[in-house]
Amino acid sequence: MNSLWGWIGFNVVVLAILALDLGVLHKRAEKVSVREAATWSGVWVALSLSFALAIYLTMGKQSGLEFLTGYLIEYALSVDNIFVFVLIFAYFNVPERYQHRVLFWGIIGALVLRGVMIVAGSALVTRFAWTLYIFGAFLVFTGIRMALQKDEAAYNPEHDPVLRLSRKLIPVSSEYHGDSFFIRAGGKDGRSGFAATPLFIVLLIVDTTDIIFATDSIPAIFAVTRDPFIVYTSNICAVLGLRALYFLLAGVVDKFIYLKLGLSIVLIFIGLKMLLEHFVHIPIVASLGVVGAVLGSSIWASIKWPRLGTK
């Protein structure tokens, strides 16, 4: 499967599913229900697990487990994106029926940008093996910072440099115009031109925010595998399920009060694995078990002791 045809086939299937999603299933702007989000979340997870099975059958047990571990890490870390997306949509007061369009095109942008980052990261790791230690140290630092970060230090869209720069460089309409990103508007000189709508600004911020999160998640997967195909496909499968996961968890994501702590422990574990790999080899099965146990425990603790984390 890890061949030119494997790369082409994977991307063709991804593009076909996205085209079906936007062109047929979500052709009209409308609010995504929790039931629909749950269904699509199940579909994306099922497709990803089926792909993991295909890798297992064609590339071997080790590769299959590497994909599964990488997918679990990326999918779990994508939950952190949801916290920020909720803040962004609330700050810009984005109508619920337009949020799907923003996330759809945001994911298209994320697929391209993450693909570039993965290719660059793979080239660095292949040519300069010592960069793995930099990635490892960065993940440990990020994990500790995430664990110590207070709620008040959360993301604030008003401080986003992309928002401030975009307002200076391009004309922006004062209100939404349906699900359009651009509109034709009259300029000060009386001539007609194009102006961005607030929805386009939201899209820019969503994509740039994803890049920031990718600087954590992409290095993490290099601790699991060096195979660019597995790194890329596991990352893309996780990103594809992010949109449905957002609509499923947006209203309750703040209830998982220990999940951020669990994610920080995962990042620290992955970082230490990279730093100590020359001295201690941790089998992929053990890594998968640790990641699954930490994330499962943080979710279980959030459900069992919801009040302790609010004191």
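Values computed for the structure shown
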| item | result |
| --- | --- |
| Residues being more than 17 Å from residue 106 (Cα to Cα), touching a residue at least 24 places away in the same chain (Cβ under 8 Å) and of a type outside the set (D, E, K, R) - total across the range 46-76 | 18 |
| Failed condition for residue 306, given (1) open to solvent by less than 70 Å² (accessible area, probe 1.4 Å); (2) within 30 Å of residue 6 (Cβ to Cβ) | (2) |
| Residue within the range 71-82 that is open to solvent by 20 Å² or more (accessible area, probe 1.4 Å) and of a type in the set (A, V, I, L, M, F, W, C) present | yes |
| Residue ID - surrounded by the most Cβ atoms within 10 Å (Cβ to Cβ), chosen from residues in the range 100-128 that are part of a helix (DSSP H, G or I) and without any contact (Cβ under 8 Å) to a residue 12 or more places away in the chain | 124 |
| Every residue from the range 178-197 that is at pLDDT 80 or above and open to solvent by 70 Å² or more (accessible area, probe 1.4 Å) | 182 |
| Tabulated pairs, the range 257-285, first charged (D, E, K, R), second buried (at least 18 other Cβ atoms within 10 Å of the Cβ) and outside any helix (DSSP H, G or I), C-beta under 6 angstrom, 6+ apart or interchain | 273/223 |
| Pairs where the first residue, in the range 221-239, is closer than 18 Å to residue 112 by Cα and the second is at pLDDT below 90 and basic (Lys, Arg), C-beta under 8 Å, 6+ apart | 235/114; 236/114; 239/114 |
| Subset of the range 43-53 (residues that are of a type in the set (A, V, I, L, M, F, W, C) and open to solvent by 40 Å² or more (accessible area, probe 1.4 Å)) | 43, 45, 46, 47, 49, 53 |
| Selection status of residue 94, closer than 14 Å to residue 204 by Cβ and not in a helix (DSSP H, G or I) | yes |
| Meets criteria (in contact with a Cys (Cβ under 8 Å, 6 or more places away or on another chain) and either modelled with pLDDT of 90 or more or open to solvent by less than 80 Å² (accessible area, probe 1.4 Å) (or both)) for residue 40 | no |
| Single match in 220, 238, 286 (criterion: more than 20 Å from the chain's Cα centre (by Cα) and of a type in the set (A, V, I, L, M)) | 286 |
| Per-region count, the range 131-165, residues at pLDDT below 80 and surrounded by 12 or more Cβ atoms within 10 Å (Cβ to Cβ) | 6 |
| Residue count for the range 10-37, restricted to those that are modelled with pLDDT under 80, surrounded by 13 or more Cβ atoms within 10 Å (Cβ to Cβ) and small (Gly, Ala, Ser) | 1 |
| Members of the range 83-95 found to be under 25 Å from residue 15 (Cα atoms) and open to solvent by 20 Å² or more (accessible area, probe 1.4 Å), listed by number | none |
| Flag if residue 49 is at pLDDT 90 or above, under 21 Å from the mean Cα position of the chain (by Cα) and not polar (S, T, N, Q) | yes |
| Residues within the range 258-293 that are buried (at least 18 other Cβ atoms within 10 Å of the Cβ) and β-branched (Val, Ile, Thr), tallied | 6 |
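The values are calculated or read from the model by the stated rules, or taken from the named source; none is laboratory data. As the structure is a prediction and not an experimental result, all values here were calculated from the model. Quick reminder, even Gly has a Cβ in these numbers, built from the backbone with ideal geometry, and neighbours come from all protein chains shown. In case anyone asks, the SASA skips ligands and DNA or RNA and just uses the protein heavy atoms, side chains included. Shrake-Rupley method; radii C 1.70, N 1.55, O 1.52, S 1.80 Å.
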